[in-house]
Every structure is written in C-alpha cells, then in structure tokens.
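The values are calculated or read from the model by the stated rules, or taken from the named source; none is laboratory data. Note that the structure is predicted; figures quoted are calculated from it, not measured. As a convention, Cβ positions derive from the backbone with ideal geometry for all residues, glycine included, and neighbour counts pool all protein chains shown. The area values use the complete protein model at the heavy-atom level, side chains included, leaving out ligands, DNA and RNA. Shrake-Rupley method; radii C 1.70, N 1.55, O 1.52, S 1.80 Å.
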Amino acid sequence: MKFRATLTGFSAILMWSFLALLTVASGKMQPFQLLAICFAIGSIPGIVVLLLRPERLNLLRQPAKVWITGIAGLFGYHFLYFTALRHAPAVEAGLIAYLWPLLIVVGSALLPGERLRWYHIVGALMGLAGTVLIVGRNGFHFEGAYAVGYGAAFLCAFTWSGYSLITRRFEAVSTDVVTIFCLVTAILSFFCHLGLEETIWPESAAQWIAVLGLGLFPVGAAFYAWDYGVKNGDIQILGAASYAAPLLSTLILTLFGFAEPSWGIALACLLVTGGAVLAAHRMILRHGRAEQVQAEAAE
C-alpha cells in the first residue's frame, strides 16, 4: 500500500517535469490566465466523477481547515511563485522556490509516526545540489534590489512544503476534495488575471493542445496524485525525489531542442538520481523482499 502510494506520488513529479515544455509550447498566454484555464480543465475529471457518483459528494463535507489548507496550498503557491518572478530574476527565484522538497524532508520529522533518517537528509541535499547545477548553470547574481521577489520565493517554498506536510495529517480526507481546490484556484486566478494582466489567447491548434495537456496532467492529474501520495505514501522519499522534476524538465527541454546538453546536466543526473535512491533504498529493499516472499509462498 505505502509503496504503491509513493509511486503514485512520484507520478505527479513525472507530470510536473513536462510543465516547462508544455508552457513553452502554449505560446505567450499570461501566467494567471493560463493558470485559470488549466486549473479549470484540471477540475473537470473530478466534477465528472462527482456527477456520475453523487454519493461521493458526502466526502466533500470537511472542516474549514481542510479547505483553507488546500486552497492556500494550490493558489497561494502559484500566486507567490508568479509574484517572485515579477520581482526577481527567474533563475534565482526558481532556485529559492525549489527549497520546498528539502523543507518537506526536514519538516516530516514533526509528523506523527515519522522518523527522519540521515539518508533522507543527505538524499535531499544531493537533489538540491543537482538542482543548483541545473538552475544555475549560467551563474547566480543575488542582488538586494530583488528582495521582494526573493521573499516571495521563500514564502512559495514554505507554502508548498507546508501544504504537503499538513495534507499528510488529513490522510482520512478523500482526494475528491482536490477537485474543489482546483476549481477555486481557477476562479481566484481568473480574478487575478482580470486585475493584473492583459488577455492573450493561443494562436494555433498546437498551442491549444499544449494548454489542454497542461490542464489534464501537470496542472490537473498531478495534484490528485500528489494528494494521494503524501497522504498514504512515504513523504520523506517523495520530498527527496521531487528534485527529479527540474532535472527531468531540463532533459525533456534538451530532447526537444529548447536547451543545450552539458556535463553539468550529466552530473546533476547522478546527484539527483543518487539522492533519490539513497532516500528510498530501504523502502525499495523492503518491497523487493516482500515480493520475493510472496513468490516463494506461491510456489
């Protein structure tokens, strides 16, 4: 159960790795406009399930703290991220924002029933080092003039890690609630778009397909998978493995010709992969032994 749930959570990381490619392919649509459309698309599968199985509507009766956590997590993270990008260079802001996997690993020590091991921390630090190589391959230039953007990026990291850790405490809450999180995030993003941006629509069918892909996967199914994973899987392993997202994203961009291959990316591969394997090695070994025992019992 825990192994499968962890794999489900990792599927969210895989989907997030396509975020950059699909965003580039979607054209020049404004961030909050794109977010509103994508989260609206992401809420549709959940709405369909609720319409087909109306008895699941009872699962939406949750305390206010569940709704506040979910909406603040999804909308708050993206609002702070875009605010950071508006007030600071993307490279530095992105690196600061990507402290959230490390914060999840360290913060998991506060969760009931969890024990933080040295290999979880070392694995997360290896992943962070790999991310530094990827994000900062052209160097970093932190300047005081961008303090607002850096601050928003720090809040961004704490928002997503906090959302993920608190969600673990709501393990009895059905993942159906993510449907409403997505829907409300779409509505709030729409109002932010109206107040902050100029409307720009995709110019081709290919760009619309990219928008649809974003809404169905990285800004849709990924949040359902992540919710299930952090509630039922190994949140420390998921935290360390989350550094695979920027690595895989860079590899995908390189494959499609949007980035240049380098030795730095190769070293980042070793660091991120090694860190994830180190963090997860005991679960992998336990799962392997369990499968062996089952196979022997079936003979």
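One table, with the values for the structure above:
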item	result
The chain - accessible surface per residue (Å², probe 1.4 Å)	49 Å²
Protein accessible area in segment 1-297, 1.4 Å probe - carbon and sulfur %	70 percent
Pairwise Cα inverse-distance average, inverted: Kirkwood Rh of segment 7-86 (Å)	15.1 Å
Leu116 versus Ile68: modelled label distance in nm, points set 7 Å from Cα along the beta carbon direction	2.5 nm
Lysines with Cα under 25 Å of Lys2, excluding same-chain neighbours fewer than 8 positions away	Lys231
Kirkwood Rh in Å, taken over all unlike Cα pairs in the chain	20.0 Å
Selection of trypsin sites (Lys or Arg not before Pro), segment 1-107, meeting DSSP coil and at most 14 other Cβ within 10 Å	Lys28, Arg61
Expected 222 nm ellipticity per residue - DSSP helices of 4 or more, -39500 (n - 2.57), all of the chain, to 500	-23500 deg cm²/dmol
Computed over the chain: relative contact order in percent, which uses C-alpha pairs under 8 Å that are six or more apart	43 percent
Euclidean distance between Cα centres, segment 10-60 to segment 65-81, Å	15 Å
DSSP H segments from the chain that extend 24 Å or more along their own axis, Cα-based, with Kyte-Doolittle mean of 1.6 or above	31-52, 118-135, 177-196
Fully extended contour minus Cα-Cα distance, from Arg282 to Ala172, at 0.36 nm per residue	37.0 nm
Rounded accessible area of Glu143 (nearest 10 Å², 1.4 Å probe)	90 Å²
Nearest-20 debye value, the chain charge dipole, Cβ charges on Lys, Arg, Asp, Glu	660 debye
